[in-house]
1. Name the aspartates and glutamates eligible as straight-distance cross-link partners of residue 108: C-alpha to C-alpha under 17 Å, and not fewer than 8 places from it in the same chain.
2. Hey, got the Cα dimensions of the chain along the principal axes, in Å, largest first?
3. State the answer as a single residue: which of 76, 158, 238 lies farthest towards the positive end of the charge dipole of the chain, with beta carbon charges of +1 for Lys and Arg and -1 for Asp and Glu, about the Cα centre.
4. If you build the Cα gyration tensor of the range 95-204 and take the root of 5 times each eigenvalue, what three semi-axes come out, in whole angstrom, biggest first?
5. Tell me which chymotrypsin sites (Phe, Trp or Tyr not before Pro) from the range 69-175 have a DSSP coil assignment and no more than 15 other beta carbons within 10 Å of their own.
6. Where the accessible area of the chain is counted over protein heavy atoms with a 1.4 Å probe, how much of it, in %, is carbon and sulfur?
7. Output the antiparallel fraction of DSSP beta bridges having both residues in the chain, as a percent to the nearest 5.
8. Quick check on the range 28-149: take the gyration tensor over C-alpha atoms, sort the square-rooted eigenvalues as a ≥ b ≥ c, and tell me if it's rounded (a/c under 1.5), prolate or oblate.
Amino acid sequence: MHARMNPTRPSNDAAMAGAVRARALLIIEDDPPIRRALRNALGDVAERLLEAPTGKTGIDIAATERPDLVILDLGLPDLEGVAVCREIRSWSPVPIVVLSARHSDAEKVQLLNAGADDYITKPFSTAEFVARVRAVLRRARSPGAADVPATVEAYGLTIDLVHRRVTRAGTLIRLTPIEWDILRTLVANAGRTLTHQQIFEAVWGAAAGSPQQYLRVHITNLRRKIEARADRPELVVTEPGVGYRAELPG
């Protein structure tokens, strides 16, 4: 499996914009040229870069070295990438960024539901790849609900996560309990795409039904209340075929 990566390193400005540095990153990838390209791209992101050519080796290194982030290719010779993702996620909260030449929405959903934090399709530019790795690392440094700000301000909204209130210019926006739970779930995971199933489980728990059908109605109503233009949402963004994410200003 080959990926085309732009050999140009990110500019100093781009690198400084997300100046987060990890202790160690693990690259699970069977193709040596791609491993080399990823190694070159991530030189400024981590103190140590660990490499594994197979899924089993990657699992072992993840267990012994405890890296700060795992980059997982799906086209491995011994194990399905989703199996590697599930195995690591079963005992570790380490962020997992999946690489794949496959563009199937169903596969993205499967990997995100299995615990992946981001999914990057090949080919991709070095600058985009590094920016998304840095973004996942930044999110991982505030993983608990206690680390989410009590109040979030974005797009003219003030979202009070403690008192369950949303206001615009001091005026209260009345949300239903389900609309609030959806908004809270997305904002608490800002920048991360959550699948329909992940949001459904967070809001409805074990309730039966179609996550996509349930969510479409409530997301539409939520956007009408909180977005400046419901037809061009800025806060609650759709990832077609996959789910939704909250986009907060940088």
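1. Straight-line reach from residue 108, under 17 Å: 73, 80, 117, 118, 239.
2. 56, 43, 31 Å, listed from the longest principal axis down.
3. The Cα lying farthest towards the positive end belongs to 158.
4. 29, 17, 12
5. Those that pass, being in a loop and sparsely packed, are 155.
6. That share works out to 50 percent.
7. Within the chain, antiparallel bridges account for around 45 percent of the total.
8. Here the range 28-149 falls in the rounded category.
The values are calculated or read from the model by the stated rules, or taken from the named source; none is laboratory data. From a predicted model like this one, the values you see are computed outputs, not experimental measurements. Methodologically, a virtual Cβ is constructed for each residue, glycine included, from the backbone with ideal geometry; neighbour enumeration extends over all protein chains shown. Quick note on the areas: whole protein, heavy atoms, side chains included, nothing else; ligands and nucleic acids left out. Shrake-Rupley method; radii C 1.70, N 1.55, O 1.52, S 1.80 Å.
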